[in-house]
1. Take the residues in the stretch 96-114 that are surrounded by fewer than 19 Cβ atoms within 10 Å (Cβ to Cβ) and over 18 Å from the mean Cα position of the chain (by Cα); name whichever of them is nearest to S49 (Cα to Cα).
2. For the stretch 51-68, state whether one or more residues are of a type in the set (K, R) and assigned to a helix (DSSP H, G or I).
3. Among the listed residues S110, S130, S78, S155, which satisfies the condition of being touching an Asp or Glu at 6+ places or on another chain (Cβ under 7 Å), part of a loop (DSSP other than H, G, I, E, B), touching a residue at least 24 places away in the same chain (Cβ under 8 Å) and on the phi < 0 side of the Ramachandran plot?
4. Which condition does D93 not pass, out of (1) outside the structural domain of N48 (by TED's automatic domain parsing); (2) over 20 Å from S49 (Cα atoms); (3) touching a residue at least 12 places away in the same chain (Cβ under 8 Å), if it passes all the others?
5. Which residues, counting only those in the stretch 158-188, are part of a loop (DSSP other than H, G, I, E, B), of a type outside the set (D, E, K, R) and in contact (Cβ under 8 Å) with a residue 60 or more places away in the chain?
6. Go through the stretch 148-162 and give me each residue that's more than 11 Å from the chain's Cα centre (by Cα) and modelled with pLDDT under 95.
7. State all residues of the stretch 81-107 that are in contact with an Asp or Glu (Cβ under 8 Å, 6 or more places away or on another chain) and in a loop (DSSP other than H, G, I, E, B); if no residue qualifies, say none.
8. Looking at the stretch 61-74, which of the residues that are of a type in the set (D, E, K, R) and in contact with a helix residue (DSSP H, G or I) (Cβ under 8 Å, 6 or more places away or on another chain) is surrounded by the most Cβ atoms within 10 Å (Cβ to Cβ)?
Amino acid sequence: MRTLYLLAGACAFMLAAPVAADPLLDGDAEAGESKSTACAACHGPDGNSTNPEWPNLAGQHARYTFQQLKAYKDGTRSDPVMMGQVQALDEQDMKDLAVFYAMQTPGVGSADPELAEAGKKLYRGGNLSSGVTACIACHGPRGEGIPTANYPMVSGQHAQYTIAQLRKYRDGERTTDRASMMRDIAARMTDEEIRAVAEYIQGLH
């Protein structure tokens, strides 16, 4: 229980902190667009993926996208396709791509209304009995995240992709979260809770 309140308090503090300029603004969106041709096959030409297995990138904070690309390249985050795609990218390429996608307009998703209602309660209030922290604490009421804290935007993300990532955090397969925050939260979530919150996030905007 103490961990639950500490996590919520830390995230709430970050929500109240002033938003600083993103240091990745030295990326070139025009150059990023020209470099995104290979990415478009999975993520769409504007970062809105049509396959629910692959994440939407449109509107995602540049710093977050940049750091995930670096994680794929150094092996901190594992995915056979992505690890192959990033090997030819240097740091400037990653910055350019990150800024390009950050400037794209995210699409609006829809959610299963029955599952989304349960997901809404979990997203906004967590689960005190099991110690699941409310997602709103770090990702905000509209799922916009906190760029200065590197908490990603989640609104409109494909439910199938979100489910897969939460399960990877829960199983310890994904370790790119700061101070194991997502692993600690996901470890307390049931499959039903994961599906419900993923559906709610998909329709969040």
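1. Let us first name the residues in the stretch 96-114 that are surrounded by fewer than 19 Cβ atoms within 10 Å (Cβ to Cβ), namely 103, 105, 107-108, 110, 112-114.
From the residues that got through so far, the ones that are over 18 Å from the mean Cα position of the chain (by Cα) too are 112-114.
Values: D112: 19, P113: 22, E114: 24 Å.
Looking at residues that are surrounded by fewer than 19 Cβ atoms within 10 Å (Cβ to Cβ) and over 18 Å from the mean Cα position of the chain (by Cα), I get D112.
2. Applying the first criterion (of a type in the set (K, R)) to the stretch 51-68 yields 63.
After this cut, where a residue has to be assigned to a helix (DSSP H, G or I) as well, the list is 63.
The answer is yes, given that some residue of the stretch 51-68 is of a type in the set (K, R) and assigned to a helix (DSSP H, G or I).
3. S155
4. Result: D93 fails condition (1) only.
5. Taking the stretch 158-188 as the starting set, the residues that turn out to be part of a loop (DSSP other than H, G, I, E, B) are 158, 172-177, 187-188.
Of the ones still in play, those that are also of a type outside the set (D, E, K, R) are 158, 172, 175-176, 187.
Scanning the stretch 158-188 gives H158, T175, T176.
6. T148, A149
7. Correct list: Q104, T105.
8. Top of the filtered list is R63.
The values are calculated or read from the model by the stated rules, or taken from the named source; none is laboratory data. Bear in mind that the values here come from a model prediction, so they are computed numbers and not experimental data. Heads up, the Cβs are rebuilt from the backbone with ideal geometry, glycines too, and the neighbour counts pull from every protein chain shown.
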